[in-house]
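*Asks:* Got a structure here, written out as structure tokens. Questions coming.
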Amino acid sequence: MPSSRCFANTSIIAVLILGFAGVATAQMPSLGYSRPQGASTNTQTFTPQSPDIQAMPLDISALKKRAEKGDAKAELILGESYYVGANGLPQDDTQAAAFFRKAADQGDAEAQFDLGIMYVNGQGVPRDNAQGAAWYRKAAVQGQAQAQYTLGSMYAQGRDVPQDDTQAAAWYRKAAEQGLAYAQYNLGLFYDVGRGVPQDSAQAAAWYRKAAAQGLPSAQYNLGLLYIHGNGVPQDSAQAAAWYRKAAVQGNPDAQYNLGVAYSRGAGVPQDDTQAYYWIYLASQGKLEGTEQVAIDKAREVAASYLTAAEISQVQGRAQKWLAAHPE
């Protein structure tokens, strides 16, 4: 078995050659999987409801009486109940938007954010992105983390506000400091590539780690990249493989590929051709861009060349079981 499989020594945003360097007839192709995932557009969508709104034991009659007296929290809960059709109320976007507005006009940050969502989606009110952005901003200024994150994404993308990376980073930071995983990830990405903030790999690692600890696979993958290159953290192949694995078991194809290559050369994990093929095969079944799909299919063929036909069949059967148990 060739022993000269290696990672090319490249920077985190360059192309990483993850290959079998000593195989003349079949070489692992170059793939751009040393780039951090995301281009500040890793977004999370929200809906106007509390996570447990359907499970809350509510006295709707009492809530309506409170709402009639101008109780903003009662108005908010009624709006959320109408939005999902919970607590004995029918699903009704118009009623939901009306109650959100009553609470929002009184300064309730959650209702302001919810009303912004309704305007952006055109639910219960005419679609109006400018109105949506205005209500998001009102909620964000009051410290509503989801609104802060959403406003940051709008600035990052130039969506209904002027494109402004500095503003995007500032709003991501406010939400990230409140523990919102996607905001932590995007702030980490901004530090990683020097967008809206000075490039700082140590800060990138710190924010990726916070999001990764909450289970966000793109953050886990990017943290693995920092460890494999020693950017912002000590170089540690075992840590890299461990973070790749956390993202890979959640179906992240880039992480699955890099974990497979780690097994192919014994980088941070024991060298194991069967495991290498298993993870690269799974990666090849993920959603990839056209050129990436062609390249990873070639990589899968190279990994397969180290196995017997029986081993390939067995690994594919195991991988198909995993895919069936983890539908997208």
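*Asks:* Using only the heavy atoms of the protein chains and a 1.4 Å probe, how would H326, H229 rank by accessible area, largest first?
*Replies:* The residues order as H326, H229, largest area first.
*Asks:* Moving on to the next point. Heavy atoms of the protein only, probe of 1.4 Å, neighbouring chains included. What is the accessible area of T166 in Å², nearest 10?
*Replies:* 90
*Asks:* I've got another one for you. Once you have the alpha carbon radius of gyration of segment 157-279, what is it after dividing by 2.2 N^0.38 Å, with N set to its residue count?
*Replies:* In units of the globular-protein estimate, segment 157-279 measures up at 1.14.
*Asks:* Quick one: compute the contact order of segment 116-189, relative version, from alpha carbon pairs under 8 angstrom and 6+ residues apart, as a percent.
*Replies:* Over segment 116-189, the number comes to 21 percent.
*Asks:* OK, next. In units of 2.2 N^0.38 Å, what is the alpha-carbon radius of gyration of segment 65-203?
*Replies:* Normalised Rg, Cα atoms only: 1.16.
*Asks:* Moving on. K321: which aspartates and glutamates have alpha carbons under 19 Å from its alpha carbon, excluding same-chain residues fewer than 8 sequence positions away?
*Replies:* Correct list for K321: E311.
*Asks:* How large is the accessible surface of R265 in square angstrom, using a 1.4 angstrom probe and rounding to the nearest 10?
*Replies:* Probe radius 1.4 Å; accessible area of R265 about 90 Å².
*Asks:* Further, regarding this structure: Quick one: work out Rg over Rh on the C-alpha atoms of segment 221-328, Rh as Kirkwood radius.
*Replies:* Rounded to two decimals, Rg over Rh is 0.97.
*Asks:* Now for a separate question. In terms of the ratio Rg/(2.2 N^0.38 Å) built on C-alpha atoms, what value belongs to segment 209-259?
*Replies:* Dividing the Cα Rg of segment 209-259 by 2.2 N^0.38 Å gives 0.97.
*Asks:* Where the Cα atoms of segment 281-328 are projected onto their three principal axes, how long is each span, largest first, in whole Å?
*Replies:* Largest first, segment 281-328 extends 30, 26, 8 Å along its Cα principal axes.
*Asks:* Can you give the accessible area of R245, probe radius 1.4 Å, in Å² rounded to 10?
*Replies:* The accessible area of R245 comes to roughly 80 Å².
The values are calculated or read from the model by the stated rules, or taken from the named source; none is laboratory data. A quick note: this is a predicted structure, and the numbers were derived from the prediction, not measured. Only protein heavy atoms, including side chains, enter the accessible area calculation; ligands, DNA and RNA are left aside. Shrake-Rupley method; radii C 1.70, N 1.55, O 1.52, S 1.80 Å.
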